[in-house]
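Below is one structure, written out as structure tokens; the observations come after it.
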Amino acid sequence: MAPSRKYLEVFFLNRKCGILLPIPSLNGKAGIGDLGPCAHRFADFLAESGQSIWQVLPLTETDSALGNSPYSSPSAFAGNPLYISLEDLVVRGLLDESEISSKSALTEDSVDYSAAREFKFPLLRKAFSRFTPGEDYFSFIRRQSFWLSDYALFVVLKAKLGGTSWHRWPEPLRTRESRAIQEVSGELGNEIDYTCFLQYLFFSQATSLKEKCTSLGIELIGDIPIYVNYDSADVWAHRDYFRLGEDLLPTEIAGVPPDYFSKTGQLWGNPLYNWDYLKKDGFSWWISRLGHSLDMFHSVRIDHFRGLLAYWAVPFGEKTAENGTWENVPSSEFFDCLSLKFPSAPFLAENLGVITPDVTETMERMGFPGMAVALFAFDGNMKENPHIPHNYVRGLTAYTGTHDNNTVRGWFLEDSTACERKTLEDYCGREITAENAPDTLIRMVLASIAERVVIPLQDYLGLGSEARMNTPSIPSGNWRWRVRKSQLTKKLSSGMKKLAELYGRNRVGGSKKA
């Protein structure tokens, strides 16, 4: 269902500001943030602080073998069971308060994914044993059938086969022979039901959080990685949608070509889409994926947006991204289809890096806002750099930094060059220090013409690189920072509200509800 004009007026036509904070970075009770009371309390904190945006990272399931990155998942559709609130299960009568009182050494300083899994999953099993499905559950199963049954079977089979990648499974399961699929579905029915139960809980809580944000006038922005993992339910269940050979291995994989920053490019390794087949199918998988995301969020950022127009294809087996070629997407047909399905265009485009004119033209035609990042603004090219505030256009979403950047304080102390610091000082007309750099950049983007401004919470807190969310070149130790309850003070809230009001971005619309 397309958003109403009233929705567009509230969420898209105002100067707005808000916070970038992933769900696991909240301070939940089980070693990790979740979708329950801690998320609702944070939404209240945002409303009280004059904020009207909350941007999160992908909520899909993560893998410890892949560093728990939210951009590497076994499913493009399934939610992460670690984000299920145990407190909500107490309210539902599926757990007792005494059962969720942690006596373990779960820390509030950072996310310990292994400890959180060890603590939460036995309790989720216990909740399942007490669950009696009703019409709400069966309705969820029917509505999500386009992905849920394949995902649940994939997860259960993978566990049964020792975590082996699907292309190494026994032939009938690898190629999804109907008789073999039917037999294992019957044998593993209870585990499949448990997997569906977890997704039911997750999406019930995600829907509740969206409703909470709606009532407060807060735009909840989600995030979609453009590519999916090869070892995923999506590739296993929809092999024709991806460029695979007769051996079911990828023929080409995703990456970006060599540039100033990398002599060998970046080799991501994801399978590439078979866009010719997707076109014949009316792009149904992509339409379903985007619509599914909009069930959870008011709007969605599309990561690596340029890959929806052209992509760098690297032959499978290459060790670097050097020997790839540019391939075109049937983008006109794809975006025409998106316009019909989503006429309000509730999408944001990640357009960082080298962007060609066709990408910019498509964003303008579709009405997709782009991004600007203040940490990229001070390279000395003050006339053409799109990240310097005087070059902003109204439709932008402006950030001090993103989840892939250092914090502003960390950047100033560790990453910035002498030239960048001098340019920043000249631009502001005063001395800039590690202490005042976060506030300086926050005010800079808030004062800009950009329609949306999103600030990582770490920058409002003035934290250094210890609070960095992700360092792209490092495969482990990322995605772990958490905010303490003690950091969400009335002083912080009043300071954020004052800045929102000062720069004409104070919250409009919505009303606080429990």
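Legend: calculated FRET efficiency, Lys319 to Arg41, from the Cβ-Cβ distance at R0 = 35 Å, rounded to 0.05, equals 0.15.
Protection proxy ranking, highest mean first, for peptides 218-225, 485-492: 218-225, 485-492, where packing is the per-residue count of other beta-carbon atoms within 10 Å, averaged.
How long is the gain from Ser284 to Thr264 if the chain were fully straight, where each residue apart is worth 0.36 nm and the alpha carbon distance is subtracted? Walk me through the numbers on the way to the answer.
On the way: separation 20, 0.36 × 20 = 7.20 nm, distance 3.47 nm.
Gain on extension, Ser284 to Thr264, equals 3.7 nm.
Each of Pro456, Trp326, Cys337 was placed along the dipole of the chain (beta-carbon charges, centred on the mean Cα), and the one lying farthest toward the positive end is Pro456.
Do the sum for the chain: with -39,500 (n - 2.57) for every DSSP H run of n ≥ 4, divided by all residues, what is the mean residue ellipticity at 222 nm, to the nearest 500 deg cm²/dmol? Show your work: numbers first, answer last.
Numbers: 19 runs with 196 residues, N = 514.
After summing the helix terms and dividing by the residues of the chain, the value is -11500 deg cm²/dmol.
In this simple spin-label approximation, Glu187 and Glu211 carry label points 7 Å from Cα along the Cα→Cβ vector, and these lie 4.1 nm apart.
About the Cα centre of the stretch 370-483, what is the dipole size in debye to 20, counting +1 per Lys and Arg Cβ and -1 per Asp and Glu Cβ, all else neutral? About 300 debye. Ranked from largest, the principal axis spans of the Cα set of the stretch 370-483 equal 38, 30, 24 Å. Going by neighbour counts of Cβ atoms within 10 Å, the residues Leu21, Leu375 line up, fewest first, as Leu375, Leu21. A simple rule links phi to the HN-Hα coupling: the Karplus curve 6.51 cos²θ - 1.76 cosθ + 1.60 with θ = phi - 60°, which for the stretch 48-57 gives 5, 8, x, 8, 10, 9, 10, 9, 10, 9 Hz, with x for Gly and Pro.
Restricting the calculation to Cα atoms, the stretch 138-290 shows an Rg/Rh of 1.02 when the hydrodynamic-style radius is the Kirkwood one. If you add up the charges near Ala310, with Lys and Arg at +1 and Asp and Glu at -1, over every other residue whose beta carbon is less than 12 angstrom from its beta carbon, what do you get? Local net charge: -1.
With 10 angstrom as the radius, rank Ile355, Ile302, Ile23 by how many other C-beta atoms surround their C-beta, starting from the fewest. Could the numbers behind the result be given before it?
Details: Ile355 16, Ile302 20, Ile23 25.
Taking fewest neighbouring Cβ atoms as first place, the list is Ile355, Ile302, Ile23.
Would you mind putting 459-467, 273-281 in packing order, based on average other-beta-carbon counts within 10 Å, highest first? It would help to have the intermediate numbers written out before the result.
Working: 459-467: 18.8, 273-281: 16.7.
The densest-packed peptide leads the list: 459-467, 273-281.
When Rg and Dmax are taken over the Cα atoms of the stretch 201-274, they come to 18.2, 52 Å. Phi-derived couplings, Karplus 6.51 cos²θ - 1.76 cosθ + 1.60 at θ = phi - 60°, listed residue by residue for the stretch 335-350: 6, 5, 5, 4, 4, 6, 7, 10, x, 7, 6, x, 10, 10, 9, 7 Hz, with x used for Gly and Pro.
Most tightly packed first, judged by the mean number of other beta-carbon atoms within 10 Å of their residues, the peptides 229-239, 364-374 read 229-239, 364-374. Taking other C-beta atoms within 10 angstrom as a stand-in for reagent exposure, Glu501, Glu350 fall in the order Glu501, Glu350, fewest first.
Put simply, the amide H of Asn270, placed in the peptide plane, has neighbours under 5 Å in Ala254, leaving out anything fewer than 5 places away on its chain. Near the amide H of Cys17, within less than 5 Å, lie the amide hydrogens of Ser52, Ile53, Val453, all on another chain or at least 5 residues away, with H placed in the peptide plane. Model label points for Ser486 and Ser129, set 7 angstrom from Cα along the Cα-to-Cβ axis, are 3.8 nm apart. Annotation: amide H of Phe347 within the under-5 Å range of Val300, sequence separation 5 or more or interchain, hydrogens built in the peptide plane.
None of the figures in this text is laboratory data; all of them are computed from the coordinates on show. Note that the structure is predicted; figures quoted are calculated from it, not measured. Positions of Cβ are generated from backbone atoms using ideal geometry, with glycine treated the same way; all protein chains shown enter the neighbour counts.
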